[in-house]
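Asks: Let me give you the structure first, and then I'll get to my questions.
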Amino acid sequence: MNKIFIDACQGKDVPYSPVWMMRQAGRYLPEYRAVRKDAGDFLSLCKNPKLASDVTLQPIDILDVDAAIMFSDILVVPLELGMKLDFIPNVGPVFSDPIKSIKDIQDFDPVKCANNLSYVYDMLKITRDRLDDSKALIGFCGAPWTLVTYMIEGTGSKTYANVKKLIYTNPEFIHSLLKVLTESLKLYLEKQILSGADAVMIFDSWASALEKDTYLEFGWKYIQEISTYIKSKYPHIPIIAFPKGVSGYLEEIDGDFDVFGVDWSTPIDLAHKKLGSKYVLQGNLEPTRLYSKDAIKEGVEKIKKVMQNKRHIFNLGHGILPDVPVENAKYFVKLVQDKL
Ligand code: 1CP
């Protein structure tokens, strides 16, 4: 059966722009909070294929979105390269032993890392079996640059001072780390595809932390390398790239991918003008609009006016926030699907 999401990724005509939300399986859903409690903690949930599959499917059952995104986190890759990771409630991810020098990465092995992530592949296999044929299953990874920020800063950062200091004082070291990650991510996405992912997305959430030329060299270049590898082997699998915060130089964004994820700070008409003929666009409702139905309606109409249901996938411009009313998330999905 045709999946409207995959058709849209491939630029085909579809009855409406398919819709899903970044972080759609998450804390705003009481059903998610219940399963996470059963699992014990966030990482145990990620490592439990059956429970991770259950939460992957929750937004399909509750919201009727057009695609499920596998439940996991971008940081399982550094975890399986051998770093110690904790998710601390109300704080977020913490690497207690962040990377400081080349000797900290000597034992990183991309093949071992990709093999260690078998719990993700098991979850994808179960989920693809359980998911209706009309719905797509999205796999994902974090981009090398965004992963490096966590691996060096140890946690989320406001200034990225440690990692940026290394970019300007020891660029070879940062490139060595980016290269190990790039090799790991190629194999990781490939194994996700072989386990049932119908499309894959690369999240570069902290692209905006770098100035343009530095981002192109330390960030975008590695996304291009991963996309080219995947496209050359799996040309039918759509790739979504989401470099967040690059609106000042959209015309320099180029690569072997199908869909460009537009973040909420990028005007959709600007993205449409600069990239709309080259890539299908995904996005970009401002996530806090989900607090108000009027704001949702106004935001959706603005986007529809520019995109005209062509070469477009509806999504938020970043992740859904934990205190958004489920009712409003449902309203957003139904409004886009013309099912109100
Ligand atoms: O308490 C909890 O239950 C943990 C909250 C949580 C959840 C639900 C985290 C911790 N990760 C996730 C799941 C997750 N993370 C998904 C699941 C699929 C879905 O979208 O439904 C995805 C795709 C991610 C990706 C992710 N993790 C990104 C990239 C996307 C983005 O939002 O920018 C990033 C930067 C992370 C790191 C991370 N993991 C968790 C948190 C709180 C964070 C961000 C911390 C920070 O702001 O630095």
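The values are calculated or read from the model by the stated rules, or taken from the named source; none is laboratory data. None of these values were measured; they are calculated from a predicted model. Here the Cβ positions follow ideal geometry from the backbone for every residue, glycine too, while neighbour counts run over all protein chains shown. Each accessible area value is taken on the protein alone, full model and side chains, heavy atoms only, with ligands, DNA and RNA left out. Shrake-Rupley method; radii C 1.70, N 1.55, O 1.52, S 1.80 Å.
Asks: Determine which member of the set Ser118, Ser53 is hydroxyl-bearing (Ser, Thr, Tyr), away from the ligand (no atom under 11 Å from the Cβ) and either surrounded by fewer than 20 Cβ atoms within 10 Å (Cβ to Cβ) or modelled with pLDDT under 95 (or both). Reasoning before the result, please.
Replies: Working: Ser53 fails: either surrounded by fewer than 20 Cβ atoms within 10 Å (Cβ to Cβ) or modelled with pLDDT under 95 (or both).
Only one candidate passes the filter, namely Ser118.
Asks: Something else now. Can you pull out every residue in the stretch 58-80 that is assigned to a helix (DSSP H, G or I), more than 10 Å from the ligand (Cβ to nearest atom), of a type in the set (A, V, I, L, M) and buried (at least 21 other Cβ atoms within 10 Å of the Cβ)? Steps first, please.
Replies: If we filter the stretch 58-80 for residues that are assigned to a helix (DSSP H, G or I), which is where we start, we get 58-63, 76-80.
Keeping just the survivors that are more than 10 Å from the ligand (Cβ to nearest atom) gives 60-63, 77-80.
Still in the running and of a type in the set (A, V, I, L, M): 60, 62-63, 77, 79.
Matches in the stretch 58-80: Ile60, Val77.
Asks: Right, here's the next one. Does Phe257 meet the test of being touching a helix residue (DSSP H, G or I) at 6+ places or on another chain (Cβ under 7 Å) and farther than 16 Å from Gly319 by Cα?
Replies: Numbers: touching a helix residue (DSSP H, G or I) at 6+ places or on another chain (Cβ under 7 Å): yes; farther than 16 Å from Gly319 by Cα: yes.
Criteria met by Phe257.
Asks: Residues that are within 12 Å of the ligand (Cβ to nearest atom), of a type in the set (Lys, Arg) and not in a helix (DSSP H, G or I): does the stretch 24-43 have at least one?
Replies: From the stretch 24-43, those within 12 Å of the ligand (Cβ to nearest atom) are 24-29, 32-37, 39-43; that's our starting set.
Imposing the further condition that a residue be of a type in the set (Lys, Arg) reduces the set to 27, 33, 36-37.
Imposing the further condition that a residue be not in a helix (DSSP H, G or I) reduces the set to 27.
Looking through the stretch 24-43, at least one residue is within 12 Å of the ligand (Cβ to nearest atom), of a type in the set (Lys, Arg) and not in a helix (DSSP H, G or I).
Asks: Which of the residues that make up the stretch 151-179 are away from the ligand (no atom under 16 Å from the Cβ), open to solvent by 20 Å² or more (accessible area, probe 1.4 Å) and touching a helix residue (DSSP H, G or I) at 6+ places or on another chain (Cβ under 6 Å)?
Replies: Scanning the stretch 151-179 gives a single hit, Leu166.
Asks: With respect to Lys37, is the statement that it is open to solvent by 10 Å² or more (accessible area, probe 1.4 Å) and in contact with a Phe, Trp or Tyr (Cβ under 6 Å, 6 or more places away or on another chain) true? Spell out how you get there, then give the answer.
Replies: Numbers: open to solvent by 10 Å² or more (accessible area, probe 1.4 Å): yes; in contact with a Phe, Trp or Tyr (Cβ under 6 Å, 6 or more places away or on another chain): no.
So Lys37 does not fit the description; no.
Asks: Anything in the stretch 183-217 that is surrounded by 22 or more Cβ atoms within 10 Å (Cβ to Cβ), more than 24 Å from Ala67 (Cα to Cα) and away from the ligand (no atom under 13 Å from the Cβ)? List them, or say none.
Replies: Ser184, Leu210, Tyr215 - these are the residues of the stretch 183-217 that are surrounded by 22 or more Cβ atoms within 10 Å (Cβ to Cβ), more than 24 Å from Ala67 (Cα to Cα) and away from the ligand (no atom under 13 Å from the Cβ).
Asks: Kindly indicate the residue of the stretch 240-258 that is within 15 Å of the ligand (Cβ to nearest atom) and not small (Gly, Ala, Ser) and also most open to solvent (accessible area, probe 1.4 Å) among those meeting that condition.
Replies: So in the stretch 240-258, the residues within 15 Å of the ligand (Cβ to nearest atom) come out as 240-246.
Of the ones still in play, those that are also not small (Gly, Ala, Ser) are 240, 242-244, 246.
Numbers: Ile240: 0, Phe242: 2, Pro243: 1, Lys244: 33, Val246: 1 Å².
Only one residue tops the list, namely Lys244.
Asks: Kindly list, by first and then second residue, each pair from a residue in the stretch 323-340 that is farther than 13 Å from Val300 by Cβ to a residue that is open to solvent by 60 Å² or more (accessible area, probe 1.4 Å), limited to pairs with Cβ atoms under 7 Å and residues at least 6 apart or on different chains.
Replies: Within 7 Å, the pairs are Val324/Tyr291.
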